[in-house]
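First the structure, in the form of structure tokens, and then the observations on it.
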């Protein structure tokens, strides 16, 4: 009988199921965003020293042949957008000590500022702005900006005065070039 009771107990235990614990499951989405941005590795600034602006006859040296250190400078800019916008605005070199130039003379030298950017696919895009014109010149790269050092350059060229025969007033001339590189999607 003990055998029979033991067998019945074992059979009963086998047929009784242990209740399963309830499960909960699901999926969690993880996301974020990256805003389009451009940043310069070092500030976009510096000086291009044009040296003596006049030829021996006092008129502008169109080639800026006496520039010390060259007519170009480079910058490293990083952008994460696919088609950044370049903007360059050249402002004339002005001799501020001369408020009104005499007839046949000038206190203002104009030039062209050329901004060039290397594209990721090996191309180069450049835009130029004449200091004689008001407002900036803009243009898109048409590619991603190359992720290399010195991927943007500024070159100064083509000195000019409003009258090609104007004699430059003696003194110090100063101007600026404003550069903006804006990220785009």
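The values are calculated or read from the model by the stated rules, or taken from the named source; none is laboratory data. Note that the structure is predicted; figures quoted are calculated from it, not measured. Reconstructed Cβ throughout: ideal geometry from the backbone, glycine too, with neighbour counts over all protein chains shown.
Summary table
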quantity: For residue 135: the one exception among (1) closer than 25 Å to residue 175 by Cα; (2) surrounded by 15 or more Cβ atoms within 10 Å (Cβ to Cβ); (3) over 12 Å from the mean Cα position of the chain (by Cα); calculated: (2)
quantity: Condition broken by residue 74, with the remaining ones in (1) surrounded by fewer than 16 Cβ atoms within 10 Å (Cβ to Cβ); (2) modelled with pLDDT under 95; (3) within 14 Å of the chain's Cα centre (by Cα) satisfied; calculated: (2)
quantity: Residue 62 vs. criteria surrounded by fewer than 17 Cβ atoms within 10 Å (Cβ to Cβ), modelled with pLDDT of 95 or more, within 26 Å of residue 134 (Cα to Cα) and more than 23 Å from the chain's Cα centre (by Cα); calculated: yes
quantity: Filter result for residue 86 (within 27 Å of residue 164 (Cβ to Cβ), crowded, with 16+ Cβ neighbours inside 10 Å and modelled with pLDDT of 95 or more); calculated: no
quantity: Residues of region 111-148 satisfying the condition of being assigned to a loop (DSSP other than H, G, I, E, B) and touching a strand residue (DSSP E or B) at 6+ places or on another chain (Cβ under 8 Å); calculated: 120, 131, 132, 135, 136, 141, 142, 143, 144, 146, 147, 148
quantity: Residues of region 106-124 classified as more than 10 Å from residue 90 (Cβ to Cβ), within 16 Å of the chain's Cα centre (by Cα) and buried (at least 18 other Cβ atoms within 10 Å of the Cβ), total; calculated: 3
quantity: Elements of type strands (runs of 3 or more DSSP E) contained in region 43-108, each with 3 or more residues being under 17 Å from residue 127 (Cβ atoms); calculated: 72-75, 85-90
